[in-house]
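Just so it is clear, none of the values below were taken in a lab; they were calculated from the coordinates. The structure presented is a predicted model; accordingly, all values stated were derived computationally and were not measured. All Cβ positions, glycine included, derive from the backbone under ideal geometry; neighbour counts span all protein chains shown.
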Amino acid sequence: MNKSFDREILRRKLSRRRALKASAAAAGAAALLAACGGSDDDGGGSSSGGSNQSGLIYKPAGTAGQAKVGGALKWFAPSEPRHFDIMQGLAPLNNLSNLTTDYMLNEKPNTLAPPEYSEVIADLATSWEWSPDRTTLTLKLRDGVKWHNKPPVNARAFDAEDVIFSWNRYSATSQGRANLANSVNPNAPVLSVTASDARTIVIKLKEPVVYLLSQLTPGQTGNFAIMPREADSGYDPRTNLIGNGPYTLENYQASVGMTFRRNPEYWDKASGGWAETIEYPTLPEYAQVLAQFKAGNIHTMTNGTNAVPRPEDVIVTKQDVPDAQILLVQAFGFNMGNTIQFGTQPTEANKAFKDERVRQALSMAIDRDAYIDAFYNVDVYAKQGLEVGTYWHTALGPAPGWRLDPKDTSKFGENAKYYQHNVDEAKKLLAAAGYGNGIEVLTSYIRGTELGADFQRTVEVRQQMLVEAGVKPTVNLIDYTSEYLPKYITAAGKFDGLVYRTGVAPGNDAVIWLNWRYKSGSGDGWIGFDAAGRGDGSGDPDVDRMIDKARGEVDVNARKAIVNDLQKHLAKKMYCISLPGQADTFDLAWPALSNYRYSNGDRRTPMFTTWVDETKAPINKPA
């Protein structure tokens, strides 16, 4: 898909997909299975519990009990971080931070299914207790945790002083400090973090917040992270990555890659961290990734948020590399993807966005099914008997139990129409708003690969869809570090035009995500709108009211009802336009990755829970 994106081609793809579902799936699957030389499957199913219609999908086995320490995991990075300061949001640093740094708490992983994010478990804190009014949280710290054996910390013991230092540094310098620190944002929940002794941390809140525990398991840079108290005074955290996690950064060569080594002092030897080293080359070009995987120089093609392997290459690569395993990965999570965010300051460039009819029109210009089919090859998979689920995004991603499906109008209600593709109605809305001859829009997005190899492709496809409804874009390509992060991501709408942006909330929880993006003055994710369109960033009182109610609601079903009402309201207001949607995907991996994707959701990444079976390909491949 590129700038010559052809609308009619997508329409034909959709028609073809519907026909294939009705008649050709079984025959295509049989032919492909024969071409690939049989199945690697050990009995059916998939890594997310889906059905193995073609026999091609490999079901991961739980082999943690057989894990052997040693060997080299071979991963890759599509881009490298500009620095190593984990308290500053930087997408290429996320995996590296999670390999090297433990947080106060962790998410409970799931097996053979997506994580549910329904429970937190111990990490640096082994236990915690709420006060009766839920405004004080007391956490007990783990004994025996050591920092990496690197100067100036030299494997010293972790203690409460490190937590207090980290909180003070976070609240003073972190990009995401306004999400938690009340000292910098009166809407943030945490009044203070103190230590009552060397093993006890006390967090005081201004009011009860049901999701605070999730905010202590962020897994994303720019949030509250634990660093040694020597940071800043003893070493430069921008150039030296030191933590207390399962792996240490052994060496780094700019534009070449990194090597991580197993931390022999790590406290959790039972759950993972079995590979002796992790080789992490920098491969910015998709063609490089594909070639290196086929050659066995990397063990999987999936890395973080990057959509690799591309759907069109899954089956072809399996044919080229019969040993490769195809694993179904079910869509999950609250992230609504890279969104279209509108400038909110009162300028001529932003005038049109103050009218909700314009925002609704732009949403209705998006053909969500065509987008999903184009980027996830749904029709091709159907032809091979590989059925995948598809999900339109609302103000939330595809999280089971929390996302209200706009395709189900009986539950979503009349506002579901703003997610339906209807170019004629979009043009009528623009005309009613005074833009019958179309609308000129300054459009900004990054030029690099920091947000994934396909980021620009996703933008270009949506751009063409908007053009069909009457948008006349002027493209403004921007630098990720010097422009995108400081001038758009954290600017709360104080820019001209629209921007295609990503971002990650400080915890895996539906209300956290909605609060982070839509609650007025909520922090670095707040997109800066106001209901009256004055450009004063005051927000929407109805949105604020619903989010405040959800933040204090301890009953899960009652909280879900509030979240559903909020999704309906935001569908009409359309303060930003989420990524059109997504589908289940397929991963490719060499058999040497044992236990891979059996456990899902551990914050320490799949690299932690995978071990290297050196008896299998590509390490020991039969002649």
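A few comments on the model shown:
- Peptides 99-105, 228-234 ordered by average Cβ neighbours within 10 Å, highest first: 99-105, 228-234
- Prolate/oblate/rounded call for the chain, Cα gyration tensor, a/c under 1.5 rounded: oblate
- Placing dummy labels 7 Å off each Cα toward the beta-carbon, the span from residue 616 to residue 442 is 5.3 nm.
- Classification of segment 489-623 by its C-alpha gyration tensor yields a prolate form. The axis ratio a/c (a ≥ b ≥ c) is 1.5 or more, and a/b outweighs b/c.
- Put in line by how crowded their Cβ is, counting other Cβ atoms within 10 Å and starting with the fewest, 326, 478 read 478, 326.
- Mean separation of Cα contacts under 8 Å (6+ apart) over length of segment 89-235, as relative contact order %: 30
- The amide H of residue 77, built 1.01 Å from its N in the peptide plane, has 282, 283 as neighbours under 5 Å, considering only residues 5 or more places off or on other chains.
- One Cα centroid belongs to segment 355-417, the other to segment 59-102; the line between them spans 31 Å.
- Legend: ranking of residues 455, 165 from fewest to most surrounding C-beta atoms inside 10 Å; resulting order 165, 455.
- Report summary: the helix-based calculation at 222 nm, which adds -39500 (n - 2.57) for every DSSP H run with n ≥ 4 and divides by the residues of the chain, gives -8000 deg cm²/dmol.
- Karplus (6.51, -1.76, 1.60) ³J(HN,Hα), θ = phi - 60°, over segment 347-352, in Hz, Gly and Pro reported as x: 10, 4, 5, 9, 4, 5
- Note on residue 265/residue 297: beta-carbon distance plugged into 1/(1 + (r/R0)^6) with R0 of 41 Å gives a FRET efficiency of 0.85.
- Amide H to amide H distances under 5 Å link residue 439 with 471, 472, where only residues 5 or more positions off or on other chains count and H is placed in the peptide plane.
- Between residue 288 and residue 549, the simple spin-label model (points 7 angstrom out along Cα→Cβ) gives 5.2 nm.
- Taken about its Cα centre, segment 89-235 carries a charge dipole of about 220 debye when Lys and Arg each add +1 at the Cβ and Asp and Glu each add -1 at the Cβ.
- Candidate cross-link partners of residue 74 among the lysines, defined by an alpha-carbon separation under 23 Å and a same-chain spacing of 8 or more, comprise 59, 269, 294, 318, 616, 621.
- Euclidean distance of C-alpha centroids, segment 168-233 and segment 441-503, integer Å: 31
- Segment residue 479-residue 164, extension gain: residue separation times 0.36 nm, minus the distance between their alpha carbons: 110.0 nm
- Among 341, 111, 71 the positive-end extreme of the charge dipole of the chain (Cβ point charges): 341
- Taking amide H as placed 1.01 Å from N in the peptide plane, residue 476 has its amide H under 5 Å from the amide H of 443, 444, 445, each at least 5 places away in sequence or on another chain.
- Extension gain for the segment residue 428 to residue 83, taken as residue separation times 0.36 nm less the Cα-Cα distance, is 119.4 nm to one decimal.
- Listed residue (155, 144, 182) projecting farthest to the positive dipole end of segment 131-185, Cβ model: 155
- Cβ-Cβ FRET estimate between residue 405 and residue 138, R0 fixed at 41 Å, reported to 0.05: 0.55
- R0 of 41 Å, Cβ-Cβ distance residue 122-residue 420: FRET efficiency to nearest 0.05: 0.35
- Potential extension, residue 316-residue 131 segment - 0.36 nm per residue separation minus Cα distance: 60.9 nm
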